[in-house]
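The values are calculated or read from the model by the stated rules, or taken from the named source; none is laboratory data. It should be emphasised that the depicted structure is a prediction, and the values quoted were computed from it without experimental measurement. A quick note on method: Cβ atoms are made from the backbone with ideal geometry, for glycine too, and the neighbour counts reach across all protein chains shown.
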Amino acid sequence: MNSADLTPLTARRGASLQGRVRVPGDKSISHRALILGAMTVGETTVSGLLEGEDVLHTAAAMRALGARLERTPEGLWRIQGVGVGGFAQPSAPLDFGNSGTGCRLAIGAVAGSPVTATFDGDASLRSRPMRRVLDPLEKMGARVIQAAEGGRLPLTLQGAADPIPIVYESPVPSAQLKSAVLLAGLAAPGETTVIEAEATRDHTERLLKHFGAKLTGKPHGEHGRRITLQGQPELEPAKVVVPADPSSAAFPLVAALISPGSDLILEAVMTNPLRTGLVKTLLEMGANIETLETRDDGGEEVADLRVRAGALKGVEVPPERAPSMIDEYLILAVAASFAQGTTRMRGLQELRVKESDRLAATADMLRVNGVDVAIDGDDLIVNGKGTVAGGGEVATHMDHRIAMSALMLGLASENPVRIDDSSFIATSFPGFVELMRSLGADLT
């Protein structure tokens with residue numbers, strides 16, 4: 001990217017954070033609602049959709065595959081689906097921008113339709129591994145016509161005319177991989193089964209049931225799940241209410257914990273137990289997080305959370321917690337920097353294949369701001385001293401979560417923290433800077 005296209009931003013320590021706010025809708029559910037809505041027959045409505053760039057790329061892809069999507073002036077999305085296996089041949093490559101989730105899920109959905117589609121994205125997405133998703137889909141009858149080295153984008157996939165149901169044991173804990181297989185399995189006769197050694201977020205399973213699919217999940221081993229889907233259902237149009245994204249809520253939440261005097265209420269945050277690893281860890285660190293009200297919204301548990309600043313202590317985070325908070329380790333590392341003592345986050349190999357090598361980038365973000373941090377194998381070790389010097393400039397590597405984490409670090413550091421580019425934040429959290437400023441954050 002040309003330096004003239006960059007949008008630097010600086011965070012400074014200032015007043016405490018105060019207020020009551022709802023962060024945008026959950027990104028994981030937004031992608032899935034659009035894709036499953038496109039695979040129904042009839043009209044699905046989605047409210048609270050995250051209208052960030054990642055999700056809008058998925059919406060554009062569903063249009064290109066033949067579904068009709070309309071956004072009302074009130075923000076309600078209406079989707080006229082084409083049915084399972086009913087996608088049309090797209091006339092141009094499907095561009096997913098920066099979104100690994102949208103791309104991998106759509107690859108799975110297309111794999112069960114007798115069409116050929118080319119998938120592409122930005123430089124960051126082109127660098128991310130797709131082979132893990134393609135392997136099981138090829139077993140189901142899909143065929144990779146062309147791909148960049150290592151099965152990366154741009155890739156052209158020919159969907160299966162007669163998809164084959166499989167039993168697939170996932171080699172890595174990945175909700176995207178599991179979801180791709182299940183979405184392809186919708187078009188296959190009989191049962192498609194995915195076995196996970198470590199249970200990952202279950203939004204696809206919950207939404208599949210919400211749309212009328214027959215699906216069962218059983219424990220497998222100590223931490224795993226065995227998920228079985230009955231193929232060739234006629235998915236029923238459904239109303240989807242997207243709850244507030246816990247991964248987005250994590251940024252103002254941690255900022256409030258580390259900014260003295262802060263008192264913040266985050267509304268309607270999804271508290272699905274497979275997404276609450278960060279809150280569980282912060283509570284172990286002594287965080288003042290109070291659940292005010294819980295309720296059910298569109299098949300997902302949601303709650304209002306009250307967050308107040310206070311002292312934190314270092315803890316050890318076990319590797320089996322990673323699937324429930326894989327996107328939150330960056331902001332947890334910020335909290336750990338302001339804690340007293342050592343926080344060791346174990347088993348973070350999955351962070352190496354995200355939008356950037358997030359394990360190395362997180363360590364760099366902290367180190368340039370005076371934090372004592374180390375990487376030991378796949379573990380991140382932060383030696384917190386209660387305060388952070390700050391004063392550094394952070395390279396964001398086109399990664400929205402690095403950008404937001406670094407800015408939250410700057411809100412409580414002794415000296416300002418600058419990021420080289422804030423333009424990618426909109427991929428997952430449109431309006432982030434304005435929202436944080438409304439709570440009292442000094443971002444310029």
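A few comments on the model shown:
- Residues in the range 1-57 that are of a type in the set (A, V, I, L, M) and within 27 Å of V254 (Cα to Cα): 11 in all.
- Of all the listed residues (I381, I419, I375), the sole one being touching a strand residue (DSSP E or B) at 6+ places or on another chain (Cβ under 7 Å), among the β-branched types (V, I, T) and surrounded by fewer than 24 Cβ atoms within 10 Å (Cβ to Cβ) is I381.
- Some residue of the range 326-340 being under 30 Å from E290 (Cα atoms) and modelled with pLDDT under 95: yes
- Between G221, G217, G190, the distinction of being surrounded by fewer than 21 Cβ atoms within 10 Å (Cβ to Cβ) and in contact with a Pro (Cβ under 6 Å, 6 or more places away or on another chain) belongs to G190 only.
- Residue count, the range 344-370 (criterion: of a type outside the set (A, V, I, L, M), crowded, with 24+ Cβ neighbours inside 10 Å and either assigned by TED's automatic domain parsing to the domain that holds A199 or more than 13 Å from A406 (Cα to Cα) (or both)): 1
- Each residue in the range 187-226 was checked for being touching a helix residue (DSSP H, G or I) at 6+ places or on another chain (Cβ under 6 Å) and among the aliphatic types (A, V, I, L, M), and 3 pass.
- Looking at the range 5-122, the strands (runs of 3 or more DSSP E) lying wholly inside it that each contain 3 or more residues that are more than 30 Å from D442 (Cβ to Cβ), at pLDDT 95 or above and among the hydrophobic types (A, V, I, L, M, F, W, C) sit at 77-82.
- Between S99, S124, the distinction of being hydroxyl-bearing (S, T, Y), buried (at least 21 other Cβ atoms within 10 Å of the Cβ), farther than 20 Å from V194 by Cα and in the same structural domain as V55 (by TED's automatic domain parsing) belongs to S99 only.
- Contacts under 8 angstrom Cβ, first residue in the range 390-418 being not assigned by TED's automatic domain parsing to the domain that holds S438, partner buried (at least 24 other Cβ atoms within 10 Å of the Cβ), 6 or more apart: none
- Restricted to strands (runs of 3 or more DSSP E) entirely inside the range 280-395, those with at least 2 residues that are among the polar types (S, T, N, Q) and under 20 Å from S248 (Cβ atoms) are 288-297.
- Some residue of the range 237-254 being more than 29 Å from T291 (Cβ to Cβ) and in a loop (DSSP other than H, G, I, E, B): yes
- Subset tally (residues that are over 18 Å from R32 (Cα atoms), in a loop (DSSP other than H, G, I, E, B) and either of a type in the set (S, T, N, Q) or not assigned by TED's automatic domain parsing to the domain that holds T40 (or both)) for the range 165-219: 1
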